[in-house]
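Some notes on the structure that comes next.
The values are calculated or read from the model by the stated rules, or taken from the named source; none is laboratory data. Everything quoted here is computed from the prediction, not taken from an experiment. All Cβ positions, glycine included, derive from the backbone under ideal geometry; neighbour counts span all protein chains shown.
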Amino acid sequence: MKLETYVTSKYENYRHHALPVVCNNQPEFIININPGIKYQKILGFGGAFTEAACYTLSKISQKNQEELLNAYFNPDNGLNYNLGRIHMNSSDFALGNYTYVEDNDLELKTFDISREKKYVIPTIKKAEKIAKQTIDLLVSPWSPPAWMKSNGEMNNGGKLLIEFYPLWADYYLRFLDDIKKAGLHPFALTVQNEPAAKQTWDSCLYTKEEERDFVKFHLGPKIINSKNKDIKIFIWDHNRDLIVERAKAIFDDPEASKFVAGTALHWYVSEEFEKVGKVHDMYPNKQIIFSEGCIEGGPHVGVYETGERYSRNIIGDFSNHCEAFIDWNLTLNEIGGPNHVGNYCDAPILSDTINDKLIFNSSYYHIGHFSKHVKPGARRISSEINSENIKQICFQNPDGSIVLVVLNESEKDYILQFNINENKKTFKCLKKSIITLVSRGVS
């Protein structure tokens, strides 16, 4: 068995360093791995091509633009991203509210995505060139045009007026058609970003019954009867706290459920990973994807614990049958924007547009402990440890290699051992560290 080990730690300042960790000490805990027990297939990892991220990228030098995109999408020395997310109409991480049609255009004759051709589409195409493959995109709306809504504005919640349900469903189809013509590759859409949140930015509220009926009578039939019938529909696109209730309302309705591939989730509010697992247990034939998460409250430069939040959430969700991880903004500027309502956040790589430099946060390296090693098509496999202080997860890649990721958030070093069939290795897991162990040639 050939073993590769990679370490990121708080105190030694390792950042995905290839380091020997194998030792001969007596193990304190054992991780038992069983490749014979397989779970979900992994779709991959990625981030969001928001207008804010792509605009910010344009404000730094060409050299740094290339470095940033390579850091995410290069399959050899980057994070090996293969997924992305884009907003249909504006999100809060846009330069302002916008739509693709003129007011009261009931036939979508003025539909025009030219705005996306300035920053977003060119960035995606550059990323694809670096990745040497297409980037599969998840499409999400934050708000319909103001004139379709009960409150007459894109921000501050409001609801899609019932009389515009058919037209709004047509809007998705037109957007899918136009981005495909522009050379993009959507694989799925969500019905609505955060449908239970009345935000000061672009937002639209749906009860579980309203989301069910919009899919059942409008969006689902129109997608399945169009040339975009291969596009998957995901519901919810919001936090774990209410994920079970939302899934139940839609998947218990056979006519609505038949149009829906699965559930998308965010990490805000809580880390109730067991609720993600409950959705899978109730509806094992439905997919689960992670569609958004970020560190709120502006940049957190130099903070190690933000990276731990990423790893903890990836382990928690993937241990409960999640198939994909899509981070929020690929990059933001030095204040965590631009954001047209001041909702500043962090990103794994910040672009200092004043001093023209890139800032790599701990989150970037923590994501890499998964995305650099767990390939699309990998399967999660059984792995168990009798310790509350150590979190771990294991995958088997299509080439047979086994990837074990171990997270130690405690202030104590541990000696661990993993067992795969007859293969055993003992290793040191540093305090406040994450280790990826890649085993090849396991018999």
(1) outside any helix (DSSP H, G or I); (2) surrounded by 20 or more Cβ atoms within 10 Å (Cβ to Cβ): which one isn't true of Pro75, the others all being true? (2)
Could you pull out the residue among Ile233, Ile250 that is of a type in the set (A, V, I, L, M, F, W, C), over 22 Å from the mean Cα position of the chain (by Cα) and more than 22 Å from Tyr310 (Cα to Cα)? Ile250
Can you give me the ranges of the strands (runs of 3 or more DSSP E) entirely in segment 346-431 with at least 1 residues that are under 19 Å from Asn313 (Cα atoms) and of a type outside the set (Gly, Ala, Ser)? 349-352, 379-385, 390-396, 402-408
Please verify whether Asn397 is buried (at least 17 other Cβ atoms within 10 Å of the Cβ) and of a type outside the set (Gly, Ala, Ser), treating the condition exactly as stated. yes
Hits in segment 239-283 - residues which are touching a strand residue (DSSP E or B) at 6+ places or on another chain (Cβ under 6 Å) and of a type in the set (S, T, N, Q): Asn239, Thr263
If you scan segment 219-238, which residues turn out to be surrounded by fewer than 20 Cβ atoms within 10 Å (Cβ to Cβ) and either touching an Asp or Glu at 6+ places or on another chain (Cβ under 9 Å) or in a helix (DSSP H, G or I) (or both)? Pro221, Lys222, Ile224, Ser226, Lys227, Asn228
Does segment 185-197 include one or more residues that are in a helix (DSSP H, G or I) and under 24 Å from the mean Cα position of the chain (by Cα)? no
Within segment 198-223, how many residues turn out to be small (Gly, Ala, Ser) and more than 24 Å from the chain's Cα centre (by Cα)? 0
Checking Val403 against (1) surrounded by fewer than 20 Cβ atoms within 10 Å (Cβ to Cβ); (2) assigned by TED's automatic domain parsing to the domain that holds Ile31; (3) hydrophobic (A, V, I, L, M, F, W, C), which test does it fail? (1)
State all residues of segment 31-54 that are more than 20 Å from the chain's Cα centre (by Cα) and either assigned to a helix (DSSP H, G or I) or among the hydrophobic types (A, V, I, L, M, F, W, C) (or both); if no residue qualifies, say none. Ile31, Ile33, Ile37
Starting from segment 144-160, take each residue that is closer than 17 Å to His340 by Cα and list its partners that are basic (Lys, Arg), counting only C-beta distances under 6 angstrom and pairs at least six apart or across chains. Gly157/Lys198
Meets criteria (hydrophobic (A, V, I, L, M, F, W, C) and farther than 29 Å from Val279 by Cβ) for Leu330: no
Of (1) of a type outside the set (Gly, Ala, Ser); (2) outside any strand (DSSP E or B); (3) under 24 Å from Pro166 (Cβ atoms), His300 satisfies every one except (3)
